[in-house]
Structure formats: structure tokens, C-alpha cells
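Since the structure comes first, as C-alpha cells, the remarks are kept for the end.
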Amino acid sequence: MSVSVQQKKICMLGGFSVGKTSLVKRYVESVFSETYLTTVGVKIDKKTVTLGDKTVHLILWDLAGEDDMASLRMSYMRGSAGYVLVADGTRSATLEVALSLRKRVEAEYGPLPFALLINKNDLREQWTITDDDLEKLRTDGWWVRTSSARTGEGVEDAFTDLATRVAR
Amino acid sequence: MTTGSAQFPAQVTERLRELVFAGRAVAWLEVDDTQTLIGAGGDLAPYGLAGLNLGVAVTEQVHILEGLLPIAESPYFMPEVEIVKGRAADLHFWTEGASGGEGGGSTWVALVEVTTQRDLTQRLQQKAYDMTLLQEKEAAFNRQLEAANAALVAAQRELEASRDELAAWNKTLEERVAAQVGEIERMNKMKRFLAPSIAELLVSSGDESILKRHRRDIAALFCDLRGFTAFSESAEPEEVSELLQDYHAALVPLIQSFEGTLDRFVGDGLMVFFNDPVPCPDSAERAVRLAVAMREAIAALSSAWRKRGHQVGFGIGIAQGFATLGQIGFEGRFDYSAIGTVVNTAARLCENAADGQIFVTSRIAVAVSEVAELAEIGMLPVKGLSRPLAVSNVVGLKDGEQKVVWLNRQTR
């Protein structure tokens, strides 16, 4: 049986301090740090996944968080096969940021596969994003999951699912 | 092919002349139209790119270029890319030669290290974000505080409402208690001169206007003991007191059962009237029936008194006419009483009645002629009246068991 090897660029997008870097760290290195270190520019990591007879090298571009001061450089998205939108469940405004980013990406690069992760599920009692908000997005056909970089919940599944969708 | 060479091609040297600063890792890659690495040099090792093989697909060796080639526009710039941990570079892309043409063109990639600047920016950005996060937390905390405060205010309002409600309840309760106390007081006041059932009826109606002075047609009944003055002079006070006690105990329940209004009793004298404050259509008949019952009761007592040597008789006078009624007296000592000629007349008739006689005026006699056996006494001069009165004696009742028990006796 021949094994197909592919390499796919995946970008992590979202507001600042939503946990994009932590999710990549959890996914690639299986670790979590409580210390928040903001990302400037972009950090690139690699993770290889096996999907049946396919080996997919995911080149993970962890982009700086979006806010008023540092708007996303769309140039980083060039060549991306898909992307992960991340929002912080405890800050409902970050869901708005994620929705806005998705529009901008789509306007520039067309409809790419993506996953929306509502992170920090370990702080569920502090969430301001409601189940109704998520249900509405799911009704619109979005792939939405909750995740926790701290516990690892939902992380592997999200990347595997996205990898499956971007792999030929 | 060598990497990390100190020598750069002229094209690279010219481009990097403006960009390179001392202390930075600077490297370059050259990629042909087929995205094959055809050249590389400079300080590649810090980016984990040492040992690149020329003639091999570039994305297999330099994964950061995945998806980026061929570049859509030239030059193309990607700033602050952390290729390996802790080392960031600006990536500059540009093409040279006819891309896609015969002999092909090249895409050049220059990696110019910017770790120091990136770290500086990172520190500034970190502070800004930390501050923003702090502000967001503060805002969220303030919102929670406001919500808690609003809840507190709402709870306080609710408490105040409950307190007001409680105060209202208390007030109502106090008013009810005051009303009850007032009712009891009124009841006690009424009970002094009314049959209890009538007193309760009046009190529950809450109408005290009856206590105000007014005129009404009443039947007035006076009774007292014959020979009481002589008896009280000769007897011991205890004997007098005992006799009076028996006397009152026998009469007062009768007055109440006939629903008469007890005006007063002074010693052996006692006055009752009917048709006030509770109206009754048969005031004369009631007065006569009560009188007959009283006579019966005292007759029963008299035999016992006689056995003890007390020679005491009992006489009654009844008259009908208008009187002025209402509360008479002063604060703390009020009586419900009747004043008028009718009262005097009844009293005088009583004075004139001998033991066992019930003297009534002609008006009473006419009113009870159907129910009572009457015996005319004749015209009787009465003290205080200018003309003598036609007086009859009630011998007994026609329909009752009180038959002719008391025969006409001599007036005293």
C-alpha cells in the first residue's frame, strides 16, 4: 500500500489572548503554560498526522492576535489550506473578532476549510459566550467545538478534523 | 553547493545592502519555476536550514514556504516570522528573470533576522495587551459589581416593600385590635343596661347613635318592695344585703329574657323600659308580661322571706308615653336612662300599688286587654300630675300559665 505524504499550511486566527499559541503548544508538544506571552508576527510549527493511508505534515502558522492595535496581516494567510478560528469563551467580544476575521479571509482567499474553537472550556463558569450563540453558528453550518488548551479537551479532534478536510 | 558561504551573488548583495545590520543572521534561498531549490547561502543554520540539498523541492526542506510559491507578486514581504524557537526573521521574496519563460526565472527569498526588534515589540505589545486584559477584567468585574448592586437594590426594595406591607398589616392588626377593644368596651357599656343579646346586636352593628339623646314612645316599668324601709331599719345589714341579692338575682335575668332595658336599680327600686334602644312593637305587652313574671318570681321568694320573719311585699307600676332617652352622666360615669312624665307616672303607680299589684295606665290597659286579665282600680290621684289617672291592676295573663294568682289587694 502506497502512503501519500502531503504538507498543508494551517493558520491560527483569532483575537489576542484567546489561546492560539497554547492550542498549538498543546497539540504539538502536549504541554500548557499558565504564562501568557503575546505573539508578535507569526510562529511556525509542524505536526505530522496520519489519516488512514495519508501522512499529512501540518505546517501551523500561529499568527499574532487581532486587536485594534495590531490588525492581522493577511499576507500570512497566503497559501493556507485551511485555518482554525479561536475565540475565548470568557470574552464574548472575541467571538465577534473571529467572525470578522473569517469574513476578511473569505473575501481575500475564498472559502477555505476552517474550524471554530471556543477555548478556555476549563473556565466554563466564567463564560460569556452562550450555548445559544454556538447553536446558532452550528445551525449556519459552522464546525464549532469547545476546547481547553489547559486540559487538552477538543484540541486533537479539531486539528484532526481540519486535516481530514484539507488533505486530498 | 555550499551553505553559510561568506560570498553572496551580486543580486543578493545589492538587495541586502540596505537591510543587513551587524549581529543578524541573514540567509538566502533561490528557487526556480518548478519550486526546486537551486541556491542557498548565508547564515542558514540559525533557522534550522543547514544542510539543504539543491535540486530538491524547496517545500520538502523549507516547510515555511509551503503554499507560498510561486509568489503572486514581487516583491513580497512577510515580517517577523519565527521559523525556529526564539529566532524571527523578515522574509523578503522577489523574482528575477522571466518567470515561467525559457530558461526560467528565479524566486529569491532573503531571511533577515529581526529577533531583537521582534522581542522589543513583543515586550511593548505584551504590556499593552496585559493592560487591555486588565481593563477588560476590571470592566467585567464592574459589570458584576453593578449587577450585584442592582440585585442588592432590588432586594432592598423588596425588603422595604415587605416592611411596608408588614407595617400595613400591623396597622390593620392594631386597628382591628383597637376596634375589638372598643367593641368590648361598648359591649360592656351596653351590657349594663341591655339584655346581653341586644347589647351584642347593637355593638356588632357599630351604630352608637342610639346612645345620643332622643325622644321615643316607651313602656316604663317601676317596681320595688313593700315594707322594705321598715325591714332595713330593723334587720341586720347582712340580712338586708342577702335579701337584695336574692331579689336582684331573681329579677335581672327576667328583664334580660324579656329584652327590657334596665335603667337603674336603687336599693329595692328598679326601673325597666321597652322600645328603646331596640324598638319593639309590643312594648306594653312585654312590660306587662315581664311584670307578671316578676310578681311570680318574688312570690316564690316571699314565702322564704316570710319564713325568716321578713314581711316584705312587691308592687309594680307601668306607664306608656314619650320620654327623652340617651346617655346621661359624665365621662366615666354614664348611664343610659329615660327622663319624662312617663317615668314619673310609672314610679307613682308603683308607689300606689300594694303587694302583688301591677298598676297600669289606661293606655297600657287598652294595649294588653287581649292578653291580660285586668281589673279597674279607678281614678287615682297621682303626685306630680294635675289630674287623677285611670288605673287598672293586672290580675294575670290570659294565655299564660300565670293565671289569676294575685287578686286585687288593698292598696296601701
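The values are calculated or read from the model by the stated rules, or taken from the named source; none is laboratory data. Note that the structure is predicted; figures quoted are calculated from it, not measured. We place every Cβ from the backbone using ideal geometry, glycine too, and count neighbours over all the protein chains shown. Heads up: the accessible areas ignore ligands, DNA and RNA and are worked out on the full protein's heavy atoms, side chains in. Shrake-Rupley method; radii C 1.70, N 1.55, O 1.52, S 1.80 Å.
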Which residues of segment B:71-99 end up with at least 20 Å² less accessible area in the presence of all protein chains than when their chain stands alone, using a 1.4 Å probe? B:Ala72, B:Tyr76, B:Met78, B:Pro79, B:Glu80, B:Val81, B:Glu82, B:Lys85
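How high is the relative contact order of chain B, in percent, counting Cα pairs under 8 Å that sit 6 or more residues apart? Please list the in-between numbers first.
Working: 671 pairs, mean separation 42.3, N = 412.
Value for chain B: 10 percent.
Go ahead and estimate [θ] at 222 nm for chain A from helices alone: -39,500 (n - 2.57) per DSSP H run with n ≥ 4, summed, over the residue count, rounded to 500. Intermediate results must be reported in sequence, preceding the final value.
Numbers: 4 runs with 48 residues, N = 168.
Taken over chain A, the calculation gives -9000 deg cm²/dmol.
For chain B, what % of the accessible area comes from carbon and sulfur atoms, probe 1.4 Å?
Numbers: 11650 of 21930 Å².
Solvent-exposed carbon and sulfur of chain B make up 53 percent of the total.
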For every helix of n ≥ 4 consecutive DSSP H residues, a contribution of -39,500 (n - 2.57) applies; sum these over chain B, divide by its total residues, and give [θ] at 222 nm rounded to the nearest 500 deg cm²/dmol. -14000 deg cm²/dmol
Hey, with R₀ at 30 Å, roughly what FRET efficiency would B:Thr34 and A:Arg104 work out to, going by the Cβ-Cβ distance, to 0.05? 0.40
Looking at segment A:4-166, send over the antiparallel percent of its DSSP beta bridges, to the nearest 5. 30 percent
So how exposed is A:Thr50, as accessible area in Å² (1.4 Å probe, rounded to 10)? 100 Å²
Rounded accessible area of A:Ile44 (nearest 10 Å², 1.4 Å probe): 10 Å²
Would you mind getting the accessible area per residue of segment A:4-166, heavy atoms of the protein chains only, 1.4 Å probe, in Å²? 41 Å²
For A:Thr130 the rounded accessible area (nearest 10 Å², probe 1.4 Å, non-protein molecules ignored) is 60 Å²
Using DSSP to define loop residues, name the trypsin sites (Lys or Arg not before Pro) in segment B:318-397 whose beta-carbon has at most 15 other beta-carbon atoms within 10 Å. B:Lys383
Counting only protein heavy atoms and using a 1.4 Å probe, what share of the accessible area of segment A:4-166 belongs to carbon plus sulfur, as a whole percent? 48 percent
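Roughly how many Å² is the accessible area per residue of chain B, as a whole number, for a 1.4 Å probe? Intermediate values should be presented prior to the final figure.
Details: 21930 Å² over 412 residues.
With the other protein chains kept in place, chain B gives 53 Å² per residue.
Between their Cα atoms, which of A:Lys8/A:Lys103; A:Lys47/B:Lys137; A:Lys136/B:Lys85; A:Lys8/B:Lys137; A:Lys25/B:Lys127 are more than 32 Å away from each other? Walk me through the numbers on the way to the answer.
Details: A:Lys8/A:Lys103 22 Å; A:Lys47/B:Lys137 34 Å; A:Lys136/B:Lys85 39 Å; A:Lys8/B:Lys137 37 Å; A:Lys25/B:Lys127 22 Å.
Flagged as over cut-off: A:Lys47/B:Lys137; A:Lys136/B:Lys85; A:Lys8/B:Lys137.
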Run the numbers for B:Asp399 and B:Asp335: contour at 0.36 nm per residue of separation, minus the present Cα-Cα distance, in nm. 19.5 nm
On full extension of the chain, what length is gained from B:Ser162 through B:Gln11, given 0.36 nm per residue of separation minus the C-alpha to C-alpha distance? 45.6 nm
Report, for the protein assembly as shown, the % of DSSP beta bridges that are antiparallel, rounded to 5. 75 percent
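Give the shape of segment B:305-366 as rounded, prolate or oblate, defined through the alpha-carbon gyration tensor: a ≥ b ≥ c are the square roots of its eigenvalues, a/c under 1.5 means rounded, and otherwise the shape is prolate if a/b is larger than b/c and oblate if not. Working shown, then result.
Details: a/c = 3.99, a/b = 1.38, b/c = 2.89.
Verdict is oblate for segment B:305-366.
Roughly how large is the A-B contact in terms of buried accessible area, totalled over both chains, probe 1.4 Å, nearest 100 Å²? Could the numbers behind the result be given before it?
On the way: alone 8500 and 23180 Å², together 29210 Å².
Looking at A and B, the buried total is near 2500 Å².
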